[in-house]
Amino acid sequence: MMKEFFIDSDGISLHAKLDFPAGVESGPLCILIPGFTGHMEEDHIVAARDAINDARVIVLRAEMYGHGGSGGKFRDHTLYKWVTNALSVVKYAKGLPFVTDLYLCGHSQGGLLTMLVGGMCSDDLRAIIPMSPAWMIPDYCREGRIHEILFDPKHIPEKIQSDEWELSGDYIRVAQTLHPEDEIARYEGPVYLIHGDIDQAVPYACSEKALKLYKNARLITIHGGDHCFVGHLDEMSDALRDFFRTSLS
Ligand code: FER
């Protein structure tokens, strides 16, 4: 069964879908958040949803500010807005009467968000699953780059333009203030990192570094996997199924 709806986040409508495994009406729930320019129907997000449902866990996919069917314009999104949105989604999920344990999983920029909110909400989250987590974004923005685009980090431009998108300078201003290491240090629960070792968008080394910093982490390497696990969705899905089946048993 699937339910589609919106979650309010301080006046911004967040597009969300709840997917229940067959015959399951209550139990653990995993929030699943796509990445920068992403949305909830991307192949790797749908594959992750299916794998988590296979482990009999309810999935709540949610799109953050300026993404998919949610409110706000892409160019105006910042990581503060995404953090505010994710806190609203965690609060919503905690309030669902049929939910027992709560998990948080996100891909890429959604994986960075998962790390930040993991540290902020450690009491509420049974485990976190950062996939291809883009937690180098704050460092890159302090150094003056977003993807392949270079800028002066001390004199932030009004906007950043790529062939595919335009982003306000506020994205950079916000990202420069973030220190994901602090939130990594604050999360002592289980962390399950999944990363492809030929990822061109977020270096695999980001997950290797996170593996060392977290107190209780595992890293599943998707050999030959790129940023979105193209051609390797089965391995990514197996990793998620294995994790939830072990976590719940
Ligand atoms: C960047 C490098 C990678 C970046 C974002 C990403 C915004 C990836 C994001 C994603 O896929 O979610 O410099 O800056």
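The values are calculated or read from the model by the stated rules, or taken from the named source; none is laboratory data. All values reported here derive from a predicted model rather than from experimental measurement. Positions of Cβ are generated from backbone atoms using ideal geometry, with glycine treated the same way; all protein chains shown enter the neighbour counts. What goes into the accessible areas is simple: the full protein's heavy atoms, side chains included, and nothing from ligands, DNA or RNA. Shrake-Rupley method; radii C 1.70, N 1.55, O 1.52, S 1.80 Å.
Say a paramagnetic label sat at a point 7 Å from the Cα of LYS212, along Cα to Cβ; which residues of the range 160-194 have their backbone N under 18 Å from it? So the set is 180-186, 193-194. Averaged over its residues, the chain has an accessible area of 43 Å² per residue, based on protein heavy atoms and a 1.4 Å probe. Sorting 13-24, 55-66 by their mean Cβ neighbour count within 10 Å, with the most densely packed peptide first, gives 55-66, 13-24. Within the chain, the selection of entire DSSP H helices by a Cα span of 20 Å or greater along the long axis and an average Kyte-Doolittle value of at least -0.5 returns 79-94, 233-248.
Here the range 98-149 is treated with +1 on each Lys and Arg Cβ and -1 on each Asp and Glu Cβ, and its dipole about the Cα centre works out to around 80 debye. Once neighbouring chains are kept in place and the probe is 1.4 Å, which whole percent of the accessible area of the chain is contributed by carbon and sulfur? That share works out to 49 percent.
Protection proxy ranking of 112-123, 73-84, by the mean of other Cβ atoms within 10 Å over each peptide's residues and highest first, is 112-123, 73-84. Projected onto its three principal axes, the C-alpha set of the range 1-108 covers 40, 29, 20 Å, listed from the longest axis down. Among ILE33, ILE149, ILE184, the largest mean-square fluctuation in a Gaussian network model of the chain (Cα springs under 10 Å) belongs to ILE149.
The length gained on full extension between LYS154 and GLU181, counted as 0.36 nm times the residue separation minus their Cα-Cα distance, comes to 7.5 nm. For the chain, the relative contact order works out to 18 percent when only alpha carbon pairs closer than 8 Å and six or more residues apart are counted. Label separation (GLU188 vs ASP43): 4.2 nm, computed from points 7 Å beyond Cα along the C-beta direction. The slack between LEU248 and GLU25, meaning 0.36 nm per residue of separation minus the straight C-alpha distance, is 78.6 nm. Note on the range 69-209: with charges restricted to the Cβ of Lys and Arg (+1) and Asp and Glu (-1), its dipole about the Cα centre is near 440 debye. Per the Debye formula on identical point scatterers at the alpha carbon atoms of the chain, with no solvent, log10 I(q)/I(0) at q = 0.17 Å⁻¹ is -1.33. Here the chain is assigned +1 on the Cβ of each Lys and Arg and -1 on the Cβ of each Asp and Glu. Its dipole about the Cα centre then comes out at about 660 debye.
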